[in-house]
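Q: Before we start, here is the structure in question, set down as structure tokens.
Read-outs throughout are calculated quantities, based only on the coordinates presented, and are distinct from any laboratory measurement. In this text the structure is predicted, and so the values were computed from the model without any measurement. Every residue, glycine among them, receives a Cβ derived from its backbone with ideal geometry; neighbour counts consider all protein chains shown.
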Amino acid sequence: MAQPSGRGAEVKLAFERAQHLRHGINASMWFAQSANDYTAARTDKYIDAADIQLMAKLGFDHVRLSIDPEPLTRGPVSADGLNAEFLGRLDRAVDEMLAQGLAVIVDVHPEEPYKFRLRTGTDGVARFEAMWRALAAHYATRDAIHNHGMIFFEVMNEPEVEDDFRWAGIEAQTIAVIRAAAPENTILAVGAHWDSLQDMLALTPFADGNIIYNFHFYEPYEFTHQGAGWSTGWWRYTRGVPYPANDMDTAAMAHVLQEIPGTSSGAADRLELERYFLNDWNARHIRLLLDAAAAWGKANGVPVVCDEFGAFREHSEPSARARWIHDVRVALEADGMGWTMWDYRGNFGVVTKAEGAAAVPDSSVVSALGLGSR
């Protein structure tokens, strides 16, 4: 039988490589989301070699490594435009992950000002492409030395570009830049806006076949982001939102709604939360949504993964959070899609880690992820 060639061979390789991304974890708040402190004093301790070993021991097969491009390209820089000291710390992290048999998604994860420059002018796009040209070349070389095919390149986390056509153009250009620097590595493409399920469904697959398509899943936000203080509106007020939920659970509904203030904005928040109960959020509802992602991948003949899903743990009831994680994980696996939980030790985490102490896994979350049975 003749082997596929051209784009067919590239797509086949992408499907094969996707098998390295079946059940992973996000290493967040480490080399990204911490703009006030990227010093070695913090990054060397926040996640260390023992944590990476624990990730492998728990049964994860890959790590999504979030990288803020600002410290990566801040002077002093080498001839390639990258900060050698910061890159060296990233290299040590990647090397330890590869040594533990973990695949690595190199995720460019900028803050809002960087994204603003990208979506509003040409200079930001040129800087972005130059950064990727150097970063892809660097890790393509490292991938070939260590274990070929285990380092993946994700174009950008949640671009927040409102113009879908502009993002499609930027992403196509960036994919070409990455491919020129890293001919063999598999790329993860993302949708515009927040890289939601709907954003991925709006994508037109690229000509390059060695691409995995990615989306993030946090539905329903009323549950997964309850009590999240970094936003406004109902996120701040909600506590103990149940999952599963339906409008027959009047006591739970009353408990949640009592926290909403009696203001004009509160009226809108109240309606939002009432809709949560009316929408019957359960495993079947989640499965129907995720089936759409799998159907899109099948229709386009491309591999699909979900490299962020999770629930804020500070104000959710632990058993409800574990149930939601379980239901999403089971639905993704039933549809043949790999997943990457958000996150390792942050406020959506699978472990807790006190200063100077070893990380302690949350057994209910580990079980919900099905890791103990693998």
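Q: Given a 10 angstrom Cα cut-off, can you work out which residue in Ala18, Ala41, Ala228 is the most mobile in a GNM of the chain?
A: Ala41
Q: Listing Lys12, Lys57, Lys353 from the residue with the fewest other Cβ atoms within 10 Å to the one with the most, what is the order?
A: Details: Lys12 15, Lys57 11, Lys353 19.
Going from sparsest to densest Cβ surroundings: Lys57, Lys12, Lys353.
Q: Still on this structure: For Ala172, what is the net charge nearby, where nearby means another residue's Cβ is under 12 Å from its Cβ and Lys, Arg count +1, Asp, Glu -1?
A: Residues close to Ala172 contribute a combined charge of -1.
Q: Mind checking which lysines have their Cα closer than 19 Å to the Cα of Lys353? Skip sequence neighbours fewer than 8 apart in that chain.
A: Within the straight-line limit of under 19 Å, Lys353 reaches these lysines: Lys45, Lys57.
Q: In addition: Rank-order 246-258, 121-133 by packing density, defined as the average count of other C-beta atoms within 10 Å over each peptide's residues, highest first.
A: Highest to lowest by the protection proxy: 121-133, 246-258.
Q: Can you check what the net charge comes to around Ile47, using other residues whose Cβ is under 12 Å from the Cβ of Ile47 (Lys, Arg +1; Asp, Glu -1)?
A: Once positives and negatives cancel, what remains is +1.
Q: A follow-up question, please. Can you work out ³J(HN,Hα) from phi for every residue in the range 31-39, in order, using Karplus 6.51 cos²θ - 1.76 cosθ + 1.60 and θ = phi - 60°, giving whole Hz and x for Gly and Pro?
A: 9, 8, 6, 9, 4, 7, 7, 10, 5
Q: Right, here's the next one. Measure out, as a whole number of angstrom, how far apart the alpha-carbon centroids of the range 150-164 and the range 40-68 sit.
A: Their Cα centres are 21 Å away from one another.
Q: Let me know the charge dipole size of the chain about its Cα centre in debye, to the nearest 20, where only the beta-carbon of Lys, Arg (+1) and Asp, Glu (-1) is charged.
A: Values: 33 positive and 51 negative charges, 119 e Å.
With Lys and Arg at +1 and Asp and Glu at -1, about 580 debye.
Q: Show the residues, 5+ positions off or on another chain, whose built amide H is closer than 5 Å to the amide H of Val305.
A: Residues meeting the amide H criterion: Tyr213, Asn214, Phe215.
Q: Follow-up question, since we're still on this one. With unit charges on the beta carbons (Lys and Arg positive, Asp and Glu negative) and the dipole taken about the Cα centre of the range 31-137, which residue among Ala41, Val125, Ala137 sits farthest to the positive side?
A: Val125
Q: Hey, another quick one. By how many nm would the segment from Asn279 to Ser264 grow when fully extended, if each residue of separation counts as 0.36 nm and the alpha-carbon distance is taken off?
A: Taking 0.36 nm per residue and subtracting the Cα distance, the gain is 3.1 nm.
Q: Then there is this: For the range 181-228 and the range 82-149, what is the separation of their Cα centres, given in Å?
A: Between the Cα centres of the range 181-228 and the range 82-149 lies a distance of 18 Å.
Q: In a Gaussian network model over the chain where Cα atoms closer than 10 Å are linked, find which of Thr224, Thr204, Thr43 has the largest mean-square fluctuation.
A: Maximum among the listed residues: Thr204.
Q: I would also like to ask the following. So which lysines can Lys298 reach, going by Cα to Cα under 24 Å and dropping same-chain residues fewer than 8 places off?
A: The qualifying lysines are Lys12.
Q: Filter the trypsin sites (Lys or Arg not before Pro) in the range 293-340 to those in DSSP coil with at most 11 other Cβ atoms within 10 Å of their Cβ, and list the result.
A: none
Q: Taking K and R as +1 and D and E as -1, what net charge do the other residues with C-beta under 12 Å from the C-beta of Arg284 add up to?
A: Cβ neighbours under 12 Å give a net charge of -2.
Q: Let me ask you something else. Determine, for each peptide in 360-372, 146-158, 105-117, the mean count of other beta carbons within 10 angstrom over its residues, then list the peptides with the highest first.
A: Those peptides, ordered most packed to least, come out 146-158, 105-117, 360-372.
Q: Between Val104 and residues 5 or more places away or on another chain, which pairs have amide H atoms under 5 Å apart, with H built 1.01 Å from N, and which residues are they?
A: Result for Val104 returns Val63, Ile151, Phe152.
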